[in-house]
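Below is one structure, written out as structure tokens; comments come after it.
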Amino acid sequence: MNDRTLRLALIPLGIGVNMAIGTMVYMLKLPIYLDAIGTIIVTLLAGLRPGILTAVLTQIIAGYTINPVLPYFIPTGVAIAVYVHIAARWGAFRTLGGTVVAGLGLGIVAGLVSAPIIVYVFGGVTATGRSVLTAYLLSAGERVLKAVLLSGAAAEPLDKTLQCILVVWLLNAVPQSLIRRFYNGNFSETASPRPVVFPLSFDHRPVVQGIHPVVRGVATLFGIAGTLMAKEPVFPLFFWLGILVPLCLFTGLARKHIRMVGGVVLPLAIVLVAVWGVLVGAPPGAPPGSDPDGGVRYAALIALKLTVLAGLFHLCFMSIPQSELLSTFWHWGIRGDYLIVAIGAFTIWPEFKLRAEQILTARFARGLMPDRRLFTRFFQLPYMLRPLLVWSLRAAVQRSEMWGQRHLLDRLGEMRHTYQGAWISNTTLFLLSIAWVGLQWIKNP
Amino acid sequence: MGRATVDKKPVTDLFAPLDTRRFLALHGPNFSGRSYWLRFITGLETDMDGRYTSELRDRRSCAYIGPEVYNAISGLAPTVADELSIHLRGTRYADALGEMQETLGLNALRERNPVTLSGGEQAMLTMVCALGLCPLNLAIDSTIEQISAEYRPVIFQALTTDVFPFTSIALADNRLGEYDGLPETTVIPGDMGAPAPQRLLPIDPLDPDAPLPLSTTQAPNLQLKGLDFRYPDGPYVIRKMDLALTPGRVYTLTGRNGAGKSTLAKLLCGVLRPDAGRILLGDMVYDPWKSPGRLVGFHFQNPDLQLFSLCIDQEIGAGPVAQGVEATIVQDRVNALLRLFGLSRMRDIHPLETPFVIRKRIALAATIAMGCPWLILDEPTLGQDDTTSKALAAIVHRLCDQGFGMIIVSHSTMFRNLLNGTEIKMS
């Protein structure tokens with residue numbers, strides 16, 4: 001075991017912590033985010049690069065399992081990791097006061113970075129409580145970006161300060177013998193010899209998939225680019241009903257897609273129409289109340305764009321069979337340590353979900369949750385995070401020991417993959433995506 | 001095997017007669033140093049001088065499988081098939097392992113995610129994977145006891161005969177006496193000390209005769225009437241279940257994995273809500289959903305996820321404190337349970353800082369401390385040696401005599417025989 005394997009083992013677990021807390025917050029129906037705790041912990045324990053990887057992969061995987069609009073907040077996650085790394089260098093997390101100040105600063109940074117995304121991708125509105133404030137500011141005649149920034153400044157620092165305090169509190173509760181493994185970074189070098197070179201046949205693992213991984217990736221990127229360029233609601237509507245829905249039916253994702261549209265996009269669409277059509281009564285840029293129809297049209301465009309973006313993302317990842325995940329990443333050119341982190345991150349979620357549910361169950365079974373009221377559940381959350389974090393750190397240590405002892409990383413790196421599949425579906429998909437971008441290009445040069 | 005000095009006595013001397021053996025099954029109590037030794041021969045621990053075993057210079061892999069089997073899954077493979085192909089590439093044991101996969105039923109699980117398998121399935125998978133590496137030394141520590149009895153002979157057959165000629169296998173387990181098909185077992189030398197951290201912990205043996213100031217009034221009868229339960233989108237796990245249980249008798253709950261043992265326990269302690277049917281305590285209808293964990297206490301198989309506090313005495317006292325029990329009464333209970341489980345001198349230690357065996361005892365003590373009239377204990381003997389298991393059986397009998405209703409889930413035939421209870425078979 002060495003430094004490298006321990007860091008690699010920690011990243012997927014950091015992602016798991018992020019997602020598990022997200023799920024716990026969701027299960028307990030709490031009015032906060034708490035979505036970056038794992039990112040902060042990994043940045044503090046393992047450094048900047050692992051922190052950034054954790055942030056990026058969390059948003060991608062949360063998009064794949066929880067809410068398909070989250071991947072567009074990758075820049076926010078990266079900013080959080082960078083800020084925490086710098087703040088930790090300055091020793092901000094050593095005292096409670098320093099932690100609070102660092103948390104407030106983190107909130108401002110997160111608000112600044114996510115504001116342009118909220119404005120340009122989501123039309124200024126997310127399905128959270130702060131949209132009420134945004135809408136109020138918009139109806140008072142503020143410009144969109146300023147309104148989003150102001151409402152962010154009101155909501156983000158509170159959430160992020162809470163997260164920073166929670167992280168310090170959690171790390172203080174980890175047994176000393178365990179946390180010491182992570183602190184100074186130079187872990188004891190063990191007898192970890194290079195593997196014996198057996199006459200390994202480079203058995204190429206054939207992939208039998210309808211779509212070549214590269215075509216899958218390129219088509220998704222073109223799809224996203226074309227959608228972001230669209231200026232008229234009719235194009236995303238056509239793309240959604242004519243292409244995405246049939247593809248979802250074909251790949252067996254129709255049910256999940258309907259659930260996503262109904263659960264995530266529809267509430268957002270209602271808020272959008274309410275804000276732009278009723279409260280503001282005009283599309284952005286026009287004076288409030290001057291053009292209610294234009295406001296509704298703008299709301300419809302954003303809602304349809306979101307449906308398509310979310311659907312594309314869903315389709316890209318959800319339709320990969322678990323058994324082809326490894327070869328898909330390999331074909332996408334993800335190699336070395338990045339392949340290990342990516343595959344670890346995509347594999348860990350079912351396990352983490354299981355652990356989070358078990359902890360909640362244990363808390364009930366031990367009579368430590370006296371009732372099921374929201375208030376009780378809210379104040380019980382930190383106590384449930386403790387065993388989850390300790391389990392994660394212990395698992396990281398044990399896994400990294402095992403990877404080193406068995407030379408598993410080398411074994412994974414040496415695997416080769418080949419592709420077998422029909423060229424018709426690949427070409428069709430590729431041409432479709434080109435046509436989509438081309439159409440938008442002609443319409444809005 | 002390698003040379004390490006422990007208390008000025010080289011490990012080689014203690015294990016000299018074992019050096020030439022291809023397979024050895026170690027028998028010994030908890031904290032005898034066997035885990036340390038198994039980790040040492042696989043290159044995870046150093047000797048007293050900070051050196052790793054010299055044998056590893058010949059650049060061969062080693063493999064150690066510990067009691068926390070869920071952490072012996074690599075976490076690098078989305079499916080069982082990938083986990084196998086990472087480990088088994090270019091292996092010299094391809095034929096033997098292919099046959100083993102078939103007989104252990106792993107081929108039916110190829111598309112599953114390895115982290116979601118049950119404990120026994122994970123243990124079998126990780127064992128096949130470790131063998132696939134063709135390791136120089138393979139150490140199997142308290143893993144076999146999690147595998148169900150029907151598969152054990154297959155594994156012993158493969159390990160003890162000359163199927164894996166390039167690998168030395170060392171096996172340590174608490175239930176070795178129960179297994180059929182083992183040639184012979186070697187008792188760990190009693191005076192072997194290990195420099196592992198747990199040697200520094202002041203651990204006492206269990207004291208089943210310690211006074212126990214818990215309620216001695218008779219628990220009410222527990223009755224299930226037409227209980228139905230199924231998980232969303234799933235088939236019925238429990239269908240029209242009728243059961244009448246009286247306290248003062250030990251009940252042992254048996255059945256294969258997935259037969260609904262833990263689901264029944266969760267319904268009784270209020271984690272899940274039945275779809276139909278009633279639970280009666282005495283003559284009164286009881287809805288555990290409304291006051292979870294109050295009248296039926298549940299001890300989980302995995303202790304790590306049910307420990308929440310920063311020191312052992314707080315952990316044991318947390319349940320009664322949350323129920324509003326008076327502070328002096330809580331203190332008495334905690335002291336008594338600490339003595340009962342041999343933890344008196346460790347009360348200030350972080351529960352998660354202790355080894356697996358002790359964490360299991362802490363979780364048991366914490367469940368009993370709540371004073372629920374009915375208790376369900378899931379695999380209480382996991383990782384515990386024979387002496388401790390006997391003491392645990394005595395504790396169960398004592399609680400029973402004090403009027404508690406006891407339901408025990410256990411795979412160990414020895415423990416079930418000690419309890420001599422009424423069997424409830426789930427199918």
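Which of the residues spanning the range B:86-102 are open to solvent by 30 Å² or more (accessible area, probe 1.4 Å) and either among the basic types (Lys, Arg) or in contact with a strand residue (DSSP E or B) (Cβ under 8 Å, 6 or more places away or on another chain) (or both)?
The answer is B:ARG92, and nothing else.
Residue-wise test of (1) of a type outside the set (A, V, I, L, M, F, W, C); (2) at pLDDT below 85.
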position	(1), (2)
A:ALA9	no, no
A:ASN18	yes, no
A:ILE21	no, yes
A:THR39	yes, no
A:PRO75	yes, no
A:ALA88	no, no
A:ALA102	no, no
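Answer yes or no: is there a residue in the range A:384-396 that is part of a helix (DSSP H, G or I), at the interface with chain B (Cβ under 10 Å from one of its Cβ atoms) and of a type in the set (Gly, Ala, Ser).
Yes, the range A:384-396 contains at least one residue that is part of a helix (DSSP H, G or I), at the interface with chain B (Cβ under 10 Å from one of its Cβ atoms) and of a type in the set (Gly, Ala, Ser).
When you scan the range B:329-427 for strands (runs of 3 or more DSSP E) that lie fully inside it, which ones turn up with 1 or more residues that are touching a residue at least 12 places away in the same chain (Cβ under 8 Å) and open to solvent by less than 10 Å² (accessible area, probe 1.4 Å)?
B:374-378, B:405-409
If a residue must be open to solvent by less than 10 Å² (accessible area, probe 1.4 Å) and touching a residue at least 60 places away in the same chain (Cβ under 8 Å), how many such residues does the range A:359-388 contain?
Summing the residues that are open to solvent by less than 10 Å² (accessible area, probe 1.4 Å) and touching a residue at least 60 places away in the same chain (Cβ under 8 Å) in the range A:359-388 gives 4.
Kindly provide the set of residues from the range B:119-137 that are within 11 Å of another protein chain (Cβ to nearest Cβ) and either open to solvent by less than 10 Å² (accessible area, probe 1.4 Å) or farther than 14 Å from B:ALA63 by Cα (or both), ordered by number.
Across the range B:119-137, the qualifying residues are B:GLN122, B:THR126, B:CYS129, B:ALA130, B:GLY132, B:LEU133, B:CYS134, B:PRO135, B:ASN137.
When you go through B:GLY226, B:GLY260, B:GLY282, B:GLY297 one by one, which is the residue that is touching a Ser or Thr at 6+ places or on another chain (Cβ under 7 Å) and in the same structural domain as B:LEU418 (by TED's automatic domain parsing)?
The match here is B:GLY297.
Could you go through the range A:308-323 and let me know if any residue there is β-branched (Val, Ile, Thr) and closer than 30 Å to A:ALA282 by Cβ.
For the range A:308-323, residues β-branched (Val, Ile, Thr) and closer than 30 Å to A:ALA282 by Cβ: present.
Here is a yes/no grid of residues against (1) open to solvent by 40 Å² or more (accessible area, probe 1.4 Å); (2) among the polar types (S, T, N, Q); (3) not assigned by TED's automatic domain parsing to the domain that holds A:ARG373:
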residue	(1), (2), (3)
A:TYR33	yes, no, no
A:PHE73	no, no, no
A:ALA87	no, no, no
A:LEU96	yes, no, no
A:SER114	no, yes, no
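Do you know which residues across the range A:410-422 are at the interface with another protein chain (Cβ under 8 Å from one of its Cβ atoms) and open to solvent by less than 20 Å² (accessible area, probe 1.4 Å)?
Matches in the range A:410-422: A:LEU412, A:MET415.
Looking at this structure, is A:ALA79 surrounded by 18 or more Cβ atoms within 10 Å (Cβ to Cβ), closer than 30 Å to A:GLY263 by Cβ, touching a residue at least 12 places away in the same chain (Cβ under 8 Å) and in contact with a Leu (Cβ under 7 Å, 6 or more places away or on another chain)?
When the stated conditions are applied, A:ALA79 does not pass them.
Here are some conditions: (1) over 22 Å from A:PRO321 (Cα atoms); (2) of a type in the set (Asp, Glu); (3) open to solvent by less than 10 Å² (accessible area, probe 1.4 Å). B:ASP82 meets all but one. Which one does it not meet?
(1)
Taking the range A:141-170 only, how many residues are open to solvent by less than 20 Å² (accessible area, probe 1.4 Å) and within 14 Å of chain B (Cβ to nearest Cβ)?
1
Could you please give the count of residues in the range A:397-425 that are more than 28 Å from the chain's Cα centre (by Cα) and polar (S, T, N, Q)?
Qualifying residue count, the range A:397-425: 4.
Take the residues of the range A:325-338 that are more than 9 Å from every other protein chain (Cβ to nearest Cβ) and part of a helix (DSSP H, G or I): which is most open to solvent (accessible area, probe 1.4 Å)?
Checking each candidate, the answer is A:TYR338.
Conditions: (1) within 11 Å of chain A (Cβ to nearest Cβ); (2) open to solvent by less than 10 Å² (accessible area, probe 1.4 Å). B:LEU171 meets all but one. Number of the miss?
It fails just one condition, (1).
Give me a count of the residues in the range B:87-115 that are more than 9 Å from chain A (Cβ to nearest Cβ), assigned to a loop (DSSP other than H, G, I, E, B) and of a type in the set (Val, Ile, Thr).
Total meeting the criteria: 0.
For residues that are part of a helix (DSSP H, G or I), more than 19 Å from the chain's Cα centre (by Cα) and of a type in the set (D, E, K, R), scanning just the range A:340-369, find the one that is nearest to A:TRP330 (Cα to Cα).
If we take residues in the range A:340-369 being part of a helix (DSSP H, G or I), more than 19 Å from the chain's Cα centre (by Cα) and of a type in the set (D, E, K, R), then A:ARG355 is nearest to A:TRP330 (Cα to Cα).
If you scan the range A:301-314, which residues turn out to be within 16 Å of the chain's Cα centre (by Cα) and either open to solvent by 10 Å² or more (accessible area, probe 1.4 Å) or of a type in the set (Val, Ile, Thr) (or both)?
Within the range A:301-314, A:LEU312, A:PHE313, A:HIS314 meet the criteria.
Just give me the residues in the range B:305-318 being surrounded by fewer than 24 Cβ atoms within 10 Å (Cβ to Cβ) and assigned to a helix (DSSP H, G or I), in sequence order.
B:ASP313, B:GLN314, B:GLY317, B:ALA318, listed by residue number.
Consider the range B:271-299. How many of its residues are under 24 Å from B:PRO235 (Cα atoms) and either open to solvent by less than 40 Å² (accessible area, probe 1.4 Å) or more than 10 Å from chain A (Cβ to nearest Cβ) (or both)?
Final tally of qualifying residues: 11.
Out of B:LEU159, B:LEU84, which single residue is in a helix (DSSP H, G or I), closer than 22 Å to A:ILE340 by Cβ and more than 10 Å from chain A (Cβ to nearest Cβ)?
Among B:LEU159, B:LEU84, only B:LEU84 is in a helix (DSSP H, G or I), closer than 22 Å to A:ILE340 by Cβ and more than 10 Å from chain A (Cβ to nearest Cβ).
The values are calculated or read from the model by the stated rules, or taken from the named source; none is laboratory data. Nothing here was measured: the structure is a model prediction, and the numbers come from that model. Cβ: placed from backbone, ideal geometry, glycine included. Neighbour counts: every protein chain shown. SASA here: full protein model, heavy atoms, side chains in, ligands and nucleic acids out. Shrake-Rupley method; radii C 1.70, N 1.55, O 1.52, S 1.80 Å.
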